[in-house]
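Below you'll find the structure, written out as structure tokens, and then a few comments.
The values are calculated or read from the model by the stated rules, or taken from the named source; none is laboratory data. Because the structure is a prediction, the values reported are computed rather than measured. Cβ: placed from backbone, ideal geometry, glycine included. Neighbour counts: every protein chain shown. Surface accessibility is based on the protein's heavy atoms, side chains included, excluding ligands, DNA and RNA. Shrake-Rupley method; radii C 1.70, N 1.55, O 1.52, S 1.80 Å.
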Amino acid sequence: YDVILNFRPDGYDHYIAVRSEEPIEGYERLAIPEGTYAVFQTDRMRHPTGQLPDLRRRIATEWLPSSGYLLSDRPEITITHWQRAPHKAERFIEVWIPVCAHS
């Protein structure tokens, strides 16, 4: 998982994470609060990372303004599904955008 939080004008905090119910020695524990997420994904292909910038741009400029949702103050999560041979053509990336209903 990639977890992005604390968005600021000068940047954000980026964590490379694993899911674990138990603490892992030497690693920081990061709790993700429950909430609503809009989930998007790249096409399934050998190298989906090339689609990620365009997917994020389309979420921000096309989907979000017309969705009836606002960004929520929770982490953004990216999940990379990186299958190995012989399934390399089925790789894809999910982008989880935290949202809340427009009031």
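With the crude spin-label approximation of a point 7 Å out along Cα→Cβ, what separation in nm comes out for R84 versus H47?
2.2 nm
Treat every Asp and Glu Cβ in the chain as -1 and every Lys and Arg Cβ as +1, leave all other atoms uncharged, and give the resulting dipole magnitude about the Cα centre to the nearest 20 debye.
500 debye
Specify the longest stretch of the chain that does not include any exposed loop site, a site being one of the GluC sites (Glu not before Pro) with a non-H, G, I, E, B DSSP assignment and at most 13 other Cβ atoms within 10 Å.
It runs 35-103.
Please report the projected area of the chain's Cα convex hull averaged over all directions, in nm².
Answer in nm², one decimal: 8.4.
With contacts defined as alpha carbon pairs under 8 Å and 6 or more residues apart, what's the relative contact order of region 61-103 in percent?
47 percent
With the other protein chains left in place, how much accessible area per residue, in square angstrom, belongs to the chain at a 1.4 angstrom probe?
Ligands and nucleic acids excluded, the result is 74 Å² per residue.
Which whole-number percent is the relative contact order of the chain (Cα, under 8 Å, 6+ apart)?
35 percent
Using the Cβ atoms and a cut-off under 12 Å, what net charge is assigned to the surroundings of E90, where Lys and Arg are +1 and Asp and Glu are -1?
Computed value for this residue: +4.
Taking loop as defined by DSSP and a crowding limit of 15 other beta carbons within 10 Å, which trypsin sites (Lys or Arg not before Pro) in the chain fit?
Qualifying residues, ordered by number: R19, R29, R44, R46, R84.
For the chain, which whole-number percentage of the solvent-accessible area (1.4 Å probe, protein heavy atoms only) is attributable to carbon and sulfur atoms?
52 percent
Kindly provide the chymotrypsin sites (Phe, Trp or Tyr not before Pro) of region 20-52 that DSSP labels as loop, not H, G, I, E or B, and whose Cβ sees at most 16 other Cβ atoms within 10 Å.
Those satisfying the criteria are Y27.
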